[in-house]
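J.: Please read through the structure below; I'll follow up with questions.
The values are calculated or read from the model by the stated rules, or taken from the named source; none is laboratory data. Computed from a prediction, not measured in an experiment: that's the story for all the values here. Cβ atoms come from the backbone with ideal geometry, glycine included; neighbour counts cover every protein chain shown.
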Amino acid sequence: MKLYIDDAGRRLEVEAQEGQTVLDVLQRERVDIRATCGGVGKCGRCQVLVRDEEGLNYRLACTTPVADGMEVVVERAGAMEVLQSGAAQEFPLNEGASGYGMAIDIGTTTVVAHLHDLATGERLATVGRPNPQIAFGSDVISRISASVDGKLDLMTSVIMDALREMKAKLCATAHVPEDEVKQATIAGNTVMQHIAAGLPPDTIGGSPFTPLSLFGDVHDIEGIGPCYYTRCIAGYVGGDIVAGMLSCYLDKGGTRLFLDLGTNGEMALAHDGRIICCATAAGPVFEGANIHFGMPASPGAISKVWFEDGQVKLNVIGDVAPIGVCGTGIIDAIALMVSLGVVDERGRLHGAEDLEEPLASYAGVDEDDRNVFYLTEDKSIYITQADVRMLQLAKAAVCAGILTMAEAADIDVSSIESLQIAGGFGAFLNLESAAKIGLFPAELLPCAESVGNTSGEGATALLLSSAAHEREAEIVEKCDYIELSTSMPFNQHYITMMEFEVD
């Protein structure tokens with residue numbers, strides 16, 4: 001049977017088989033679509049406009065069976081903002097290098113690539129885009145499940161196609177012939193690097209979470225060339241964290257904490273010549289997933305929330321009408337709600353009857369008569385009780401991870417001299433809001449800073465300098481990994497950190 005797809009103006013006529021869903025076909029045809037829950041009908045993110053014998057209406061792609069002659073329209077909110085931050089590191093350049101190279105950061109949600117002159121180290125262009133694997137789920141567990149279900153080759157193919165497209169855009173922007181791009185480096189979490197290399201990440205999905213490879217080797221990618229895959233520490237502490245530690249010189253001395261808060265919560269604590277690292281099951285909340293009106297940091301996303309002159313104020317990416325809330329906006333909103341007493345220490349969202357004006361006017365109920373807190377004047381976007389609970393789970397996991405590492409290093413949190421928060425999410429995070437909700441211990445706020453896309457910067461260093469490779473190996477050698485899923489101290493801290501600190 002035939003299915004017609006309108007993908008942001010691109011018209012496709014494709015063959016579909018009886019028993020397939022619209023999402024099955026969109027995945028096969030490599031159409032970017034969010035399927036946060038992995039296609040099990042829970043998240044509601046894969047909504048498309050469908051025209052068939054039943055009429056024209058919006059439906060979930062994952063629960064809609066294909067029919068002959070069906071038309072499917074995939075709508076988009078707008079282009080994803082390219083987040084570029086952090087300075088290139090001052091590792092010595094390789095002598096005699098020539099041509100150009102790509103430094104690539106494959107995030108679970110976003111992919112960023114930089115084009116560099118290998119002789120001078122100059123960054124010539126940067127491009128970013130959503131990771132097309134979002135069609136297979138928003139987090140690494142969903143991607144592992146997709147691999148188990150036989151979709152590894154397809155996921156590998158779509159990310160490789162995306163990298164080749166990004167290479168073409170980089171070269172066009174910098175006016176560089178594509179055949180002069182000689183090499184590349186890739187940094188990503190362990191699951192993303194497995195999929196990019198065509199290796200099944202299946203064994204990372206269950207205890208003892210053992211990956212097939214910890215990388216640190218070169219793979220030849222058609223259309224890209226020789227590509228170095230950054231070393232990983234464990235199944236859930238990957239090359240993106242190693243690249244970040246390299247970029248930040250985490251091992252240069254002192255007691256220093258590094259957090260990468262994206263779709264996963266990975267962290268490292270350097271102290272007394274060693275580095276303790278771990279990964280928390282924070283989920284993709286910080287990327288806007290599993291939140292009622294959550295979305296990536298794209299045009300239309302509420303990115304900042306504050307209270308002024310008796311009103312809730314918003315900053316929206318792209319200066320357009322808000323259509324959802326990204327991770328930083330969620331942190332701001334709930335920190336504000338805690339500060340104003342709309343949410344209590346246990347995370348209970350109060351209703352209008354428990355609040356005074358003007359806050360009472362922002363309180364309401366949803367269609368199921370559950371309390372919500374409105375962010376927009378037209379009451380179209382709001383924070384739900386479930387959203388608060390999801391954030392509680394995520395922030396408790398991150399803070400408990402920090403406390404567990406400090407305990408393992410036999411230090412008090414107050415001994416930490418610097419806290420560096422990496423990633424696109426971290427680059428725009430309001431640190432005061434993060435401390436307010438307990439994402440990290442409040443005593444670390446004075447030494448906390450956002451350090452940008454350190455994964456991309458570390459990949460750049462590895463692209464340009466053999467000295468960076470030597471430093472990378474030294475960092476990995478210093479690392480001790482804690483598996484939090486079996487850690488009793490982590491479980492104890494996790495329960496305690498669920499509560500909010502109320503003034």
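J.: Please determine, by comparing only the residues of the stretch 301-325 that are in contact with a strand residue (DSSP E or B) (Cβ under 9 Å, 6 or more places away or on another chain) and part of a loop (DSSP other than H, G, I, E, B), which one is modelled with the lowest pLDDT. Can you show your working first?
T.: We begin by selecting, within the stretch 301-325, every residue in contact with a strand residue (DSSP E or B) (Cβ under 9 Å, 6 or more places away or on another chain); these are 301-307, 312-318, 322-325.
Now restrict to residues that are part of a loop (DSSP other than H, G, I, E, B): 322-323.
Working: Pro322: 89, Ile323: 86.
The residue in question is Ile323.
J.: Quick check on my filter: what residues within the stretch 467-487 are assigned to a helix (DSSP H, G or I), farther than 18 Å from Ala270 by Cα and of a type outside the set (Val, Ile, Thr)? Break it down into steps so the answer makes sense when it comes.
T.: Here is the first cut: in the stretch 467-487, the ones assigned to a helix (DSSP H, G or I) are 467-478, 484-486.
With farther than 18 Å from Ala270 by Cα added as a condition, the list becomes 467-470, 485-486.
Scanning the stretch 467-487 gives Ala467, Ala468, His469, Glu470, Ser485.
J.: Here's a follow-up. Find all pairs meeting these conditions: Cβ atoms under 9 angstrom apart; at least six residues apart or on different chains; first residue within the stretch 123-137 and assigned by TED's automatic domain parsing to the domain that holds Leu462 and in contact (Cβ under 8 Å) with a residue 12 or more places away in the chain; second residue among the hydrophobic types (A, V, I, L, M, F, W, C) and surrounded by 19 or more Cβ atoms within 10 Å (Cβ to Cβ).
T.: Between residues of the stretch 123-137 that are assigned by TED's automatic domain parsing to the domain that holds Leu462 and in contact (Cβ under 8 Å) with a residue 12 or more places away in the chain and residues that are among the hydrophobic types (A, V, I, L, M, F, W, C) and surrounded by 19 or more Cβ atoms within 10 Å (Cβ to Cβ), there is no close pair.
J.: Residue check: is Arg45 closer than 22 Å to Ala146 by Cβ, outside the structural domain of Thr108 (by TED's automatic domain parsing) and at pLDDT 75 or above? I'd like the intermediate steps shown before the answer.
T.: Values: closer than 22 Å to Ala146 by Cβ: yes; outside the structural domain of Thr108 (by TED's automatic domain parsing): yes; at pLDDT 75 or above: no.
Answer is no for this residue.
J.: Being more than 30 Å from Phe215 (Cβ to Cβ) and either out of contact with any strand residue (DSSP E or B) (no Cβ under 6 Å at 6 or more places or on another chain) or surrounded by fewer than 19 Cβ atoms within 10 Å (Cβ to Cβ) (or both) is the filter here, so list the residues in the stretch 433-477 that pass it.
T.: Hits for the stretch 433-477 are Ser433, Ala434, Ala435, Lys436, Ile437, Gly438, Pro441, Ala442, Glu443, Leu445, Pro446, Cys447.
J.: Another one. What number of residues in the stretch 302-318 are crowded, with 18+ Cβ neighbours inside 10 Å and without any contact (Cβ under 8 Å) to a residue 40 or more places away in the chain? Can you show your working first?
T.: Initial filter on the stretch 302-318 (crowded, with 18+ Cβ neighbours inside 10 Å): 302-305, 312, 314, 316-317.
Among the residues that remain, those that are also without any contact (Cβ under 8 Å) to a residue 40 or more places away in the chain are: 316.
Final tally of qualifying residues: 1.
J.: Just give me the residues in the stretch 182-196 being over 13 Å from Ile233 (Cα atoms) and either outside the structural domain of Leu152 (by TED's automatic domain parsing) or of a type outside the set (Lys, Arg) (or both), in sequence order.
T.: Gln183, Ala184, Thr185, Ile186, Met192, His194, Ile195, Ala196
J.: Still on this structure: Could you say which residue among Ala422, Ala409 is in contact with an Asp or Glu (Cβ under 6 Å, 6 or more places away or on another chain) and either modelled with pLDDT under 95 or surrounded by fewer than 20 Cβ atoms within 10 Å (Cβ to Cβ) (or both)? Step through it out loud before you land on a result.
T.: Values: Ala409 fails: in contact with an Asp or Glu (Cβ under 6 Å, 6 or more places away or on another chain).
Going through Ala422, Ala409 in turn, the sole match is Ala422.
J.: Just wondering, is there one or more residues in the stretch 167-183 that are within 22 Å of Ala422 (Cβ to Cβ) and either at pLDDT 95 or above or over 22 Å from the mean Cα position of the chain (by Cα) (or both)? Before you say what the answer is, go through the steps one by one.
T.: Taking the stretch 167-183 and keeping what is within 22 Å of Ala422 (Cβ to Cβ), we get none.
Looking through the stretch 167-183, none of the residues is within 22 Å of Ala422 (Cβ to Cβ) and either at pLDDT 95 or above or over 22 Å from the mean Cα position of the chain (by Cα) (or both).
J.: Restricting attention to the stretch 486-503, which residues are surrounded by 15 or more Cβ atoms within 10 Å (Cβ to Cβ) and within 20 Å of Cys277 (Cβ to Cβ)?
T.: Matches in the stretch 486-503: Ser487, Pro489, Phe490, His493, Tyr494, Met497.
J.: Output the residues belonging to the stretch 410-465 that are of a type in the set (Asp, Glu) and in contact (Cβ under 8 Å) with a residue 12 or more places away in the chain.
T.: Of all residues in the stretch 410-465, those of a type in the set (Asp, Glu) come to 410, 412, 417, 432, 443, 449, 457.
Answer for the stretch 410-465, where residues must be of a type in the set (Asp, Glu) and in contact (Cβ under 8 Å) with a residue 12 or more places away in the chain: Glu417, Glu432, Glu443, Glu449, Glu457.
J.: Just to be sure before I move on: is Ala321 surrounded by 15 or more Cβ atoms within 10 Å (Cβ to Cβ) and aliphatic (A, V, I, L, M) in the structure I sent? Break it down stepwise before answering.
T.: On the way: surrounded by 15 or more Cβ atoms within 10 Å (Cβ to Cβ): no; aliphatic (A, V, I, L, M): yes.
So Ala321 does not fit the description; no.
J.: Another question about this same structure. Going by the conditions given, is Asp369 free of Cβ contacts under 8 Å to residues at least 24 places away in the same chain and closer than 30 Å to Ala448 by Cα? Walk me through how you get there before you give the answer.
T.: On the way: free of Cβ contacts under 8 Å to residues at least 24 places away in the same chain: yes; closer than 30 Å to Ala448 by Cα: no.
Against the criterion (free of Cβ contacts under 8 Å to residues at least 24 places away in the same chain and closer than 30 Å to Ala448 by Cα), Asp369 does not qualify.
J.: With the stretch 205-279 as the region, which strands (runs of 3 or more DSSP E) entirely inside it contain at least 3 residues that are surrounded by 24 or more Cβ atoms within 10 Å (Cβ to Cβ)?
T.: On the way: elements: 217-221, 225-229, 256-261, 265-271.
Answer list for the stretch 205-279: 256-261, 265-271.
J.: I've got another one for you. Does the stretch 191-199 contain any residue that is crowded, with 17+ Cβ neighbours inside 10 Å, part of a strand (DSSP E or B), among the small types (Gly, Ala, Ser) and over 19 Å from the mean Cα position of the chain (by Cα)? Please lay out each step first, then the result.
T.: Restricting attention to the stretch 191-199, the residues satisfying the condition of being crowded, with 17+ Cβ neighbours inside 10 Å are 191-197, 199.
In the following step, the residues that additionally are part of a strand (DSSP E or B) were identified as none.
No.
J.: Tally time: how many residues in the stretch 326-343 are in a loop (DSSP other than H, G, I, E, B) and crowded, with 22+ Cβ neighbours inside 10 Å? Show your work before the answer.
T.: First pass over the stretch 326-343, keeping only residues in a loop (DSSP other than H, G, I, E, B): 326, 340-342.
With crowded, with 22+ Cβ neighbours inside 10 Å added as a condition, the list becomes 326, 342.
Going through the stretch 326-343 one residue at a time, the tally reaches 2.
J.: So how many residues does the stretch 17-32 have that are in a loop (DSSP other than H, G, I, E, B) and crowded, with 21+ Cβ neighbours inside 10 Å? First the steps, then the outcome.
T.: Our first condition is that a residue be in a loop (DSSP other than H, G, I, E, B); within the stretch 17-32, this holds for 17-20, 29-32.
Next cut, crowded, with 21+ Cβ neighbours inside 10 Å only: 31.
Number satisfying all stated conditions: 1.
J.: Let me ask something else about it. Look through the stretch 132-146, keep the residues that are within 12 Å of Ile195 (Cα to Cα) and within 13 Å of the chain's Cα centre (by Cα), and return whichever of them is surrounded by the most Cβ atoms within 10 Å (Cβ to Cβ).
T.: That would be Gln133.
J.: Can you tell me which residues in the stretch 250-264 are out of contact with any His (no Cβ under 6 Å at 6 or more places or on another chain) and in contact (Cβ under 8 Å) with a residue 24 or more places away in the chain?
T.: Narrowing the stretch 250-264 to residues out of contact with any His (no Cβ under 6 Å at 6 or more places or on another chain): 250-254, 256-264.
Selection gives Leu250, Asp251, Gly254, Arg256, Leu257, Phe258, Leu259, Asp260, Leu261, Gly262, Thr263, Asn264.
J.: Can you pull out every residue in the stretch 148-178 that is closer than 18 Å to Tyr229 by Cβ and of a type in the set (Gly, Ala, Ser)?
T.: Correct list: Ser157, Ala162.
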